[in-house]
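Taking it in order: structure first as structure tokens, then the write-up.
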């Protein structure tokens, strides 16, 4: 497994997997798609560096999820940061970290752009 | 939710009046007067106007609109969500949170605000959204019973904080 930590540059594009329940009819994501799961102790929002992965791998199950994209620069403009945190089965895995309040989740959702896949 | 109890849409001879606008109908000459204070006691509201007779108006309890009924049915279904309903560890919303969200929808239905979206969150919270053109209101009924409201004009977030009914109504009208 490659454990080399990559620097995430502002123009890096990060993919977020969003459940269908958290997508409006116009395919925009609602803020709940960017909430931390406190009960399982999540400390960062999982995202995947686009240049290190492909959509098929990231989406996992096309019947349950859709993909959204944000640039690292957009995330940092909101006052958050992102770090590369490879997982054993996914080298592209990264996390959005910082104070993720409802207001911040809402801003992330507004900034996220839907990827037409599949 | 106290703020909601202070607002009762009343039906009088002239039609429907929203008390948050501080209007009341006089019973003598059938005119509408601005009025600073309206006392709401259970189902009756008494309004006093200088120089006029006391008038009594009866609060009407309307059936929820079709849209509100649709959202209330969706909320009711959330109570049947199991633990880990999203296969990623999500908690189902507790009855108390569902009930708070239902009351909110029912009471604000009288103001004909445009309901747009409702969904359960990963922590047991409930998200409710109203939308009127470019104006959006996002309401969070959080699992810790904290309630939040975020308002947008287009993509600009113009308010984030506690639920403010006056602000919400004005934003969506």
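Throughout, read-outs are computed from the coordinates displayed, never taken from laboratory work. Since we're looking at a predicted model, the values are computed, not measured. Positions of Cβ are generated from backbone atoms using ideal geometry, with glycine treated the same way; all protein chains shown enter the neighbour counts.
Per-structure values
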{"quantity": "Neighbour-count ranking [beta-carbon atoms within 10 angstrom, fewest first] of A:65, B:130", "calculated": "A:65, B:130"}
{"quantity": "Cα gyration tensor category, rounded, prolate or oblate, for the range B:66-172 with a/c compared to 1.5", "calculated": "prolate"}
{"quantity": "Cut-off 13 Å, label 7 Å out along Cα→Cβ of residue A:6, residues of the range A:89-118 by amide N", "calculated": "A:90-95"}
{"quantity": "Distance (nanometres) between label positions extended 7 Å along Cα→Cβ at residue A:25 and residue A:97", "calculated": "4.1 nm"}
{"quantity": "Two-site label geometry, residue A:64 and residue A:38: point separation in nm, points 7 Å out along Cα→Cβ", "calculated": "2.4 nm"}
{"quantity": "Segments A:96-102, A:3-9, A:14-20 sorted - mean Cβ within 10 Å per residue, highest first", "calculated": "A:14-20, A:96-102, A:3-9"}
{"quantity": "Pairwise FRET efficiency - residue B:111 versus residue B:83, Cβ, R0 = 35 Å, nearest 0.05", "calculated": "0.45"}
{"quantity": "Taking the range A:25-118 and dividing mean pair separation by its residue count, relative contact order in percent (alpha carbons under 8 Å, at least six apart)", "calculated": "43 percent"}
{"quantity": "Average other protein chain Cβ within 10 Å of Cβ, residues B:132-140", "calculated": "2"}
{"quantity": "Cα-projected label distance for residue A:81 with residue B:146, points at 7 Å along beta-carbon direction, nm", "calculated": "2.3 nm"}
{"quantity": "Per residue convex hull volume, Cα atoms of chain A, in Å³", "calculated": "106 Å³"}
{"quantity": "Peptide B:121-130 - average C-beta neighbours from other chains (10 Å radius)", "calculated": "5"}
{"quantity": "Peptide ranges B:115-127, B:161-173, B:132-144 listed from the most packed, as the mean C-beta count within 10 angstrom indicates", "calculated": "B:115-127, B:132-144, B:161-173"}
